[in-house]
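The values are calculated or read from the model by the stated rules, or taken from the named source; none is laboratory data. Quantities reported herein were computed from a predicted structural model and do not represent experimental measurements. Cβ sites come from the backbone with ideal geometry, for glycine too, and all protein chains shown count toward neighbours. Keep in mind that these areas ignore ligands, DNA and RNA; they rest on the heavy atoms of the full protein, side chains included. Shrake-Rupley method; radii C 1.70, N 1.55, O 1.52, S 1.80 Å.
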Amino acid sequence: MPSPDQESRAAAKDRFTELKKVRDQAHETAEKAKAAADEAMWQAIAAELDAGNALQLDVVEATGFSRDHVLRRTKPYRQN
(Lines give C-alpha, C1' and ligand atoms only; values in the text may rest on other atoms or scores of the structure.)
Protein backbone atom coordinates (compact mmCIF):
# COMPACT_ATOMS: atom_id res chain seq x y z
CA MET A 1 0.00 0.00 0.00
CA PRO A 2 1.48 3.38 -0.95
CA SER A 3 2.05 6.04 1.69
CA PRO A 4 -0.67 8.70 1.98
CA ASP A 5 0.08 12.09 0.49
CA GLN A 6 0.40 15.23 2.63
CA GLU A 7 -3.15 16.37 1.87
CA SER A 8 -4.65 13.03 2.95
CA ARG A 9 -2.56 13.03 6.10
CA ALA A 10 -3.57 16.59 6.98
CA ALA A 11 -7.25 15.76 6.46
CA ALA A 12 -6.90 12.66 8.63
CA LYS A 13 -5.18 14.66 11.38
CA ASP A 14 -8.09 17.13 11.32
CA ARG A 15 -10.52 14.22 11.76
CA PHE A 16 -8.43 12.83 14.63
CA THR A 17 -8.44 16.22 16.34
CA GLU A 18 -12.23 16.41 16.04
CA LEU A 19 -12.64 12.83 17.31
CA LYS A 20 -10.46 13.64 20.33
CA LYS A 21 -12.52 16.78 21.02
CA VAL A 22 -15.76 14.78 20.99
CA ARG A 23 -14.24 12.11 23.23
CA ASP A 24 -12.90 14.68 25.72
CA GLN A 25 -16.32 16.35 25.90
CA ALA A 26 -17.99 13.00 26.56
CA HIS A 27 -15.50 12.27 29.35
CA GLU A 28 -16.08 15.71 30.90
CA THR A 29 -19.85 15.24 30.78
CA ALA A 30 -19.53 11.81 32.39
CA GLU A 31 -17.31 13.17 35.17
CA LYS A 32 -19.81 15.94 35.91
CA ALA A 33 -22.65 13.40 36.02
CA LYS A 34 -20.66 11.19 38.41
CA ALA A 35 -19.90 14.15 40.69
CA ALA A 36 -23.56 15.19 40.73
CA ALA A 37 -24.67 11.63 41.53
CA ASP A 38 -22.15 11.42 44.38
CA GLU A 39 -23.31 14.73 45.83
CA ALA A 40 -26.98 13.72 45.64
CA MET A 41 -26.26 10.39 47.32
CA TRP A 42 -24.23 11.88 50.18
CA GLN A 43 -26.79 14.64 50.74
CA ALA A 44 -29.58 12.06 50.93
CA ILE A 45 -27.58 9.84 53.29
CA ALA A 46 -26.81 12.83 55.53
CA ALA A 47 -30.51 13.71 55.62
CA GLU A 48 -31.39 10.13 56.63
CA LEU A 49 -28.81 10.24 59.40
CA ASP A 50 -29.99 13.67 60.58
CA ALA A 51 -33.59 12.45 60.64
CA GLY A 52 -32.56 9.59 62.90
CA ASN A 53 -33.66 6.94 60.41
CA ALA A 54 -30.36 5.08 60.51
CA LEU A 55 -26.95 4.90 62.10
CA GLN A 56 -23.64 5.51 60.38
CA LEU A 57 -23.01 1.76 60.80
CA ASP A 58 -26.09 1.08 58.64
CA VAL A 59 -24.64 3.24 55.87
CA VAL A 60 -21.33 1.37 56.13
CA GLU A 61 -23.04 -2.01 55.90
CA ALA A 62 -25.30 -0.99 53.00
CA THR A 63 -22.65 0.76 50.91
CA GLY A 64 -19.41 -1.01 51.77
CA PHE A 65 -17.68 2.31 52.43
CA SER A 66 -15.59 2.70 55.59
CA ARG A 67 -16.96 4.61 58.57
CA ASP A 68 -14.31 7.26 58.04
CA HIS A 69 -15.31 7.68 54.40
CA VAL A 70 -19.00 7.97 55.31
CA LEU A 71 -18.17 10.53 57.99
CA ARG A 72 -16.03 12.64 55.66
CA ARG A 73 -18.50 12.54 52.79
CA THR A 74 -21.62 13.30 54.85
CA LYS A 75 -20.11 15.90 57.18
CA PRO A 76 -20.58 18.88 54.79
CA TYR A 77 -24.31 18.07 54.54
CA ARG A 78 -25.06 17.23 58.19
CA GLN A 79 -27.28 19.57 60.19
CA ASN A 80 -26.34 18.26 63.64
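Brief remarks on what is shown
- Solvent exposure ordering (accessible area, 1.4 Å, most first) of H69, H27: H27, H69
- Globularity ratio of the chain, using Cα Rg and 2.2 N^0.38 Å: 2.01
- Carbon + sulfur, % of accessible area of the chain - ligands and nucleic acids excluded, 1.4 Å: 56 percent
- Contact order relative to length of the range 26-80, as percent, for alpha carbon pairs under 8 angstrom and 6 or more apart: 38 percent
- Taken per residue, the accessible surface of the range 1-71 reaches 79 Å², heavy atoms only and a 1.4 Å probe.
- Lysine pair count for the chain with Cα-Cα distance under 24 Å and sequence separation of 8 or more or different chains is 7.
- Separation in nanometres of the label points that stand 7 Å from Cα toward Cβ, at D68 and A51: 3.0 nm
- Straightening the chain between R9 and A36 buys 5.7 nm, computed as 0.36 nm per residue apart minus the Cα-Cα spacing.
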